[in-house]
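J.: Structure provided below as structure tokens; questions to follow.
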Amino acid sequence: MTFESRKLPGERISSLVDIIKKKGHAIGLEAHSGLSGLVTEKLDFDFIWESSLTDSASKGLPDASIVGNESRIHTIDEILNVTTKPMIVDGDTGGDEDNFRFLIKRLENQGVSAVIVEDKIFPKRNSFGGTVGAGMEDPNIFSKKLEVGMKTKTTKDFLIIARLESLIAGLGMNETMMRTEKYINAGVDGIMIHSKLKEPSEVLEFIPKFEALCKKLGRRPYLIAVPTTYNNISDDELIKSGVDIIIHANHLLRAAYKSMMDTATLISNSRRSYESDSNISSVKEIFSAVGYDKIIERDKEKSPNISALIACAGDHKIGNINRSLNNISGKPLIQHQVETFRRSGIENLTVTVNNHNEFDSILEKDINIIETDNNSLNQLLDSIMSGLKNIDGPVILTYGDILFNDKIISELVLGENDIVIAADSSYKYHKHDIDKKLELVAYKNPDNNFSKRKLKMTDTFEVKKLGKDLNLEESQSEFFGLAFFSKEGIINLKSCYEEIKDDTKYNLFIDLLNYMMKKEFKVFCNEFDGGWIELHTENDFKLAEKELEN
Ligand code: SPV
Ligand code: MG
């Protein structure tokens, strides 16, 4: 179970009694945080013990009524939120009657199944660290508090358990039996007998006396034991002796402290963390324990695994350097493109090149480099299509000579259409600058509303035709070399390519798109205004460098 686990409070409260009824007993392990709660939840324990000792220690504090109820309730909530098992809470002394009333109400509201309160006075001391006779509560006052608690609880399956500290305080068995009788008569649901001896002798001596007392009183509350010091006795033996609920009270916290100290020492001595790897959980294990895997799975479902193809094949040089390898601000152009894709969450990258060796040392190992055939019939188109050969899912294609921002990628991917190209309308405003043949886009239904003020970054139009030979007046934008294909889009692209690949008429990528439109496949265009630049000349690289600096 993880952060997604669900257990309604009412259901959880009664689940402890249900387990005892079914199995005849319940065995629990301590938790002091959400993560330790997950450990207890994972293994074969019936319930979670929320301990005052370990809750305090996990905050670096002593177990001496210093950590207040608000903080305890917060830890309890943290654990309940990621688990489903019942929980027994260590209520310390319970405070005075009003404190106890309020505590019970809050624990029931949270879905806690039981609270154990001890017959000591506030501020209490931990049982293993200095309880003395003077720290004990008057049994009559304590019994009165128990009665108040029994009247306060609203759920019969929420258990109030009285904890006897008299053996630990050295008050002897007679005093302990006298107290037990008073607490049973106060109506409690359970009696916890505590001992700090190394052997279970006291507890085993107490049990038959307790059974006889219950017979005499005609009511037998649950019997609870906490075998921390006398832990040579097994759970089975304790159960056989008459114990109903066994609490392993502090072991996860003690394990965590030892392991943290060992690891810290190792890292400090080794002056690196490598040596500690075998002692600690992997990050992956932690991810899986806390349910992070589920989040990633759902992210993947939401955004299908998109690939990207960077088409760099072609003999384009700046000076004598391959254009894609020419630096902008100390990094090759292709590296900028790779980083933009990575920022958009696209990990699966393919690059088509003419010469594998040039790119090998520049690109990360997980990038798929495909060397394309320089002498093929329709060189430009063939090189793109050979890059797409092993890509079946949705893909973003980019020419190798542009830089673009990741917002353009997100917009292209977000749409619902199977084929979407990215185009820019701003060329209309600087037609006089154009000294090369642009790949222009003509729309089926051009938008005649020229108001450029809008919230959206892009408009989508259906494309009628693409071409370098289109009249500037009849076209609405310029294709700048980025396109998205859905799974369906890529299937159709590939099948159309098969039909024309031997025809020398089709050399450009836009030739294939025109062919598709002729065959009634719809091509859409997202019209952007800026957000990209083209890198053809040395001057373009200089301008790009300036833009990146700003
Ligand atoms: C606790 O775990 O905080 C307890 C049990 O009260 S013990 O420390 O064993 O007394
Ligand atoms: Mg305690």
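The values are calculated or read from the model by the stated rules, or taken from the named source; none is laboratory data. Quantities reported herein were computed from a predicted structural model and do not represent experimental measurements. Backbone-built Cβ (ideal geometry, glycine too); neighbour counts: all protein chains shown. SASA here: full protein model, heavy atoms, side chains in, ligands and nucleic acids out. Shrake-Rupley method; radii C 1.70, N 1.55, O 1.52, S 1.80 Å.
J.: Under the condition of being open to solvent by 40 Å² or more (accessible area, probe 1.4 Å) and either closer than 18 Å to Val17 by Cβ or assigned to a strand (DSSP E or B) (or both), which residue from the stretch 219-238 is farthest from ligand 1 (Cβ to nearest atom)?
T.: Filtering first and then ranking leaves Arg219.
J.: Quick check: anything in the stretch 266-288 among the basic types (Lys, Arg), without any contact (Cβ under 8 Å) to a residue 24 or more places away in the chain, not assigned by TED's automatic domain parsing to the domain that holds Asp18 and not in a loop (DSSP other than H, G, I, E, B)? Talk me through it step by step, then tell me what you get.
T.: Taking the stretch 266-288 as the starting set, the residues that turn out to be among the basic types (Lys, Arg) are 271-272, 284.
Of the ones still in play, those that are also without any contact (Cβ under 8 Å) to a residue 24 or more places away in the chain are 271-272, 284.
Still in the list and also not assigned by TED's automatic domain parsing to the domain that holds Asp18: 271-272, 284.
Now narrow it down to the ones that are not in a loop (DSSP other than H, G, I, E, B): 284.
Checking the stretch 266-288: at least one residue is among the basic types (Lys, Arg), without any contact (Cβ under 8 Å) to a residue 24 or more places away in the chain, not assigned by TED's automatic domain parsing to the domain that holds Asp18 and not in a loop (DSSP other than H, G, I, E, B).
J.: Condition first: without any contact (Cβ under 8 Å) to a residue 12 or more places away in the chain and over 48 Å from the mean Cα position of the chain (by Cα). Now tell me which residues in the stretch 156-207 satisfy that.
T.: Gly172, Asn174, Glu175 - these are the residues of the stretch 156-207 that are without any contact (Cβ under 8 Å) to a residue 12 or more places away in the chain and over 48 Å from the mean Cα position of the chain (by Cα).
J.: Separate question: Consider the stretch 73-84. How many of its residues are away from ligand 1 (no atom under 16 Å from the Cβ) and closer than 19 Å to Lys42 by Cβ?
T.: Of all residues in the stretch 73-84, those away from ligand 1 (no atom under 16 Å from the Cβ) come to 74, 77-78, 80-84.
Subset that is closer than 19 Å to Lys42 by Cβ: 78, 80-84.
So the answer is 6.
J.: While we're here: Can you say whether Gly489 is in a strand (DSSP E or B) and among the small types (Gly, Ala, Ser), as far as the supplied structure shows?
T.: On the way: in a strand (DSSP E or B): no; among the small types (Gly, Ala, Ser): yes.
Criteria not met by Gly489.
J.: Let me ask you something else. Name, by its number, the condition in (1) within 16 Å of ligand 1 (Cβ to nearest atom); (2) modelled with pLDDT under 95; (3) more than 16 Å from Ser195 (Cα to Cα) that does not hold for Gly129.
T.: Of everything listed in (1) within 16 Å of ligand 1 (Cβ to nearest atom); (2) modelled with pLDDT under 95; (3) more than 16 Å from Ser195 (Cα to Cα), Gly129 misses just condition (3).
Yes/no matrix, rows are residues, columns are (1) assigned to a strand (DSSP E or B); (2) more than 16 Å from ligand 2 (Cβ to nearest atom); (3) β-branched (Val, Ile, Thr); (4) assigned by TED's automatic domain parsing to the domain that holds Glu147:
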{"residue": "Arg12", "(1), (2), (3), (4)": "no, yes, no, yes"}
{"residue": "Ser36", "(1), (2), (3), (4)": "no, no, no, yes"}
{"residue": "Glu41", "(1), (2), (3), (4)": "no, yes, no, yes"}
{"residue": "Gly60", "(1), (2), (3), (4)": "no, yes, no, yes"}
{"residue": "Thr84", "(1), (2), (3), (4)": "no, yes, yes, yes"}
{"residue": "Gly95", "(1), (2), (3), (4)": "no, no, no, yes"}
{"residue": "Arg101", "(1), (2), (3), (4)": "no, yes, no, yes"}
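J.: Can I ask one more? Pick out the one residue from Met192, Met178 that is assigned by TED's automatic domain parsing to the domain that holds Ala225, among the hydrophobic types (A, V, I, L, M, F, W, C) and either farther than 15 Å from Glu118 by Cα or open to solvent by 20 Å² or more (accessible area, probe 1.4 Å) (or both). It would help to see each step written out before you state the result.
T.: Working: Met192 fails: either farther than 15 Å from Glu118 by Cα or open to solvent by 20 Å² or more (accessible area, probe 1.4 Å) (or both).
Sole residue among the options that is assigned by TED's automatic domain parsing to the domain that holds Ala225, among the hydrophobic types (A, V, I, L, M, F, W, C) and either farther than 15 Å from Glu118 by Cα or open to solvent by 20 Å² or more (accessible area, probe 1.4 Å) (or both): Met178.
J.: Continuing with this model, one more query. Considering only residues that are free of Cβ contacts under 8 Å to residues at least 60 places away in the same chain, surrounded by 14 or more Cβ atoms within 10 Å (Cβ to Cβ) and not in a helix (DSSP H, G or I), look in the stretch 122-143 and name the one that is nearest to ligand 2 (Cβ to nearest atom).
T.: Step one: of the stretch 122-143, the residues free of Cβ contacts under 8 Å to residues at least 60 places away in the same chain are 122-123, 130-143.
Now restrict to residues that are surrounded by 14 or more Cβ atoms within 10 Å (Cβ to Cβ): 131, 135-137, 139, 142-143.
Checking which are not in a helix (DSSP H, G or I) leaves us with 131, 136-137.
Details: Thr131: 11, Met136: 15, Glu137: 15 Å.
Filtering the stretch 122-143 for residues that are free of Cβ contacts under 8 Å to residues at least 60 places away in the same chain, surrounded by 14 or more Cβ atoms within 10 Å (Cβ to Cβ) and not in a helix (DSSP H, G or I), the one nearest to ligand 2 (Cβ to nearest atom) comes out as Thr131.
J.: Something else about it: Give just the number: which of (1) open to solvent by 30 Å² or more (accessible area, probe 1.4 Å); (2) within 47 Å of the chain's Cα centre (by Cα) does Leu146 not satisfy?
T.: Going through the list (1) open to solvent by 30 Å² or more (accessible area, probe 1.4 Å); (2) within 47 Å of the chain's Cα centre (by Cα), Leu146 breaks only (1).
J.: Select from the stretch 49-72 the residues that are within 12 Å of ligand 1 (Cβ to nearest atom) and either hydroxyl-bearing (Ser, Thr, Tyr) or surrounded by 21 or more Cβ atoms within 10 Å (Cβ to Cβ) (or both) and list them in ascending order.
T.: Taking the stretch 49-72 and keeping what is within 12 Å of ligand 1 (Cβ to nearest atom), we get 49-58, 62-65, 67, 72.
Residues satisfying the conditions are Trp49, Glu50, Ser51, Ser52, Leu53, Thr54, Asp55, Ser56, Ser58, Asp63, Ser65, Arg72.
J.: Can you pull out the residues in the stretch 85-111 that are within 16 Å of ligand 1 (Cβ to nearest atom) and under 21 Å from Ser5 (Cα atoms)?
T.: Met87, Ile88, Val89, Leu107
J.: Just wondering, is there one or more residues in the stretch 150-157 that are among the acidic types (Asp, Glu) and not in a helix (DSSP H, G or I)?
T.: Step one: list which residues in the stretch 150-157 are among the acidic types (Asp, Glu), which gives 157.
With the extra rule that they be not in a helix (DSSP H, G or I), the set shrinks to 157.
Looking through the stretch 150-157, at least one residue is among the acidic types (Asp, Glu) and not in a helix (DSSP H, G or I).
J.: Does Ser113 satisfy being within 14 Å of ligand 2 (Cβ to nearest atom) and not basic (Lys, Arg)? Break it down stepwise before answering.
T.: On the way: within 14 Å of ligand 2 (Cβ to nearest atom): no; not basic (Lys, Arg): yes.
No; evaluated as a whole, the condition is false for this residue.
J.: Might you let me know whether the stretch 169-188 holds any residue that is out of contact with any helix residue (DSSP H, G or I) (no Cβ under 9 Å at 6 or more places or on another chain) and within 16 Å of ligand 2 (Cβ to nearest atom)?
T.: So the first thing to find is which residues in the stretch 169-188 are out of contact with any helix residue (DSSP H, G or I) (no Cβ under 9 Å at 6 or more places or on another chain), and the list is 172, 174.
Now restrict to residues that are within 16 Å of ligand 2 (Cβ to nearest atom): none.
No.
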